[in-house]
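Here's the structure we're looking at; comments come further down.
The values are calculated or read from the model by the stated rules, or taken from the named source; none is laboratory data. Keep in mind that this is a model prediction, so the values were computed, not measured. Cβ: placed from backbone, ideal geometry, glycine included. Neighbour counts: every protein chain shown. Quick note on the areas: whole protein, heavy atoms, side chains included, nothing else; ligands and nucleic acids left out. Shrake-Rupley method; radii C 1.70, N 1.55, O 1.52, S 1.80 Å.
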Amino acid sequence: MDRRDVDLIVARIQPLFAQRRNTRYWLLVANDPYDHAINFFFNQQALGHRLKSTPLHSATGDLSELEQVITALGQHFQFSIEYTGFTGMRWPSTWHLIEKKKESGE
């Protein structure tokens, strides 16, 4: 993962982020152990409507590179970030758990 990944994700989020009232926006970062990839999704859910999840990008790399991408995305957007598939893994710089609790399907 590198700066091009961040630029691509930002470019794909901008047309999707409409800043509507009563709408929740967040990023989902999913670890895919079968393809050895990290997938990024943009989720949005208006009050009383279904969840809409849009795939943004799939990248390969280690956790330190992912940490840099997440930091760079945080400079562009202030979305909540949800992690899945990272059970037991820790950020290399701070040693904090990435995913706080295990999801039911993991």
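If you roll a 1.4 Å probe over the heavy atoms of the protein chains, what accessible area per residue do you get for the stretch 1-56, in Å²?
Numbers: 3720 Å² over 56 residues.
With all protein chains present, the stretch 1-56 gives 66 Å² per residue.
Just how large is the dipole of the chain about the Cα centre, in debye to the nearest 20, putting +1 at every Lys and Arg Cβ and -1 at every Asp and Glu Cβ? Can you show the working numbers first?
Numbers: 12 positive and 12 negative charges, 140 e Å.
Dipole size: approximately 680 debye.
With the cut-off at 1.5 for a/c, could you classify the stretch 38-80 from its C-alpha gyration tensor as rounded, prolate or oblate? Walk me through the intermediate numbers first.
Working: a/c = 3.69, a/b = 1.81, b/c = 2.04.
Since a/c reaches 1.5 but b/c is at least a/b, the shape of the stretch 38-80 is classed as oblate.
Counting only heavy atoms of protein chains, what accessible area per residue, in Å², does the stretch 60-99 have with a probe of 1.4 Å? Each step should come with its number before you reach the end.
Working: 2320 Å² over 40 residues.
On a per-residue basis, 58 Å².
State the percentage of accessible surface on the stretch 16-106 attributable to carbon and sulfur atoms; use a 1.4 Å probe and exclude ligands, DNA and RNA.
On the way: 3040 of 5990 Å².
Carbon-and-sulfur percentage of accessible area, whole number: 51.
Report the full-extension gain for the segment Ala37 to Met89: residue separation times 0.36 nm, less the Cα-Cα distance, to one decimal in nm. Could the numbers behind the result be given before it?
Values: separation 52, 0.36 × 52 = 18.72 nm, distance 1.49 nm.
Gain on stretching Ala37 to Met89: 17.2 nm.
Please compute one quarter of the surface area of the Cα convex hull for the chain and express it in square nanometres. Can you show the working numbers first?
Numbers: hull surface 28.6 nm².
That works out to 7.2 nm².
If one takes the longest principal axis of the Cα atoms in the chain, at what angle in degrees, from 0 to 90 and to the nearest 10, does the Cα axis of helix 3-13 lie?
Taking the Cα atoms of the chain, the angle to 3-13 is about 30 degrees.
Compute the Cα gyration tensor for the stretch 8-60, then decide on rounded, prolate or oblate, letting a ≥ b ≥ c be the square roots of its eigenvalues: rounded whenever a/c is under 1.5, prolate when a/b is larger than b/c in the other cases, and oblate in all that remain. Could you put the intermediate results ahead of the total?
Details: a/c = 3.81, a/b = 1.82, b/c = 2.09.
In terms of gyration-tensor shape, oblate.
Can you give the angle from 0 to 90° between the axis of helix 63-76 and the longest principal axis of the chain, with both taken from C-alpha atoms, to the nearest 10?
Roughly 30 degrees, rounded to the nearest 10.
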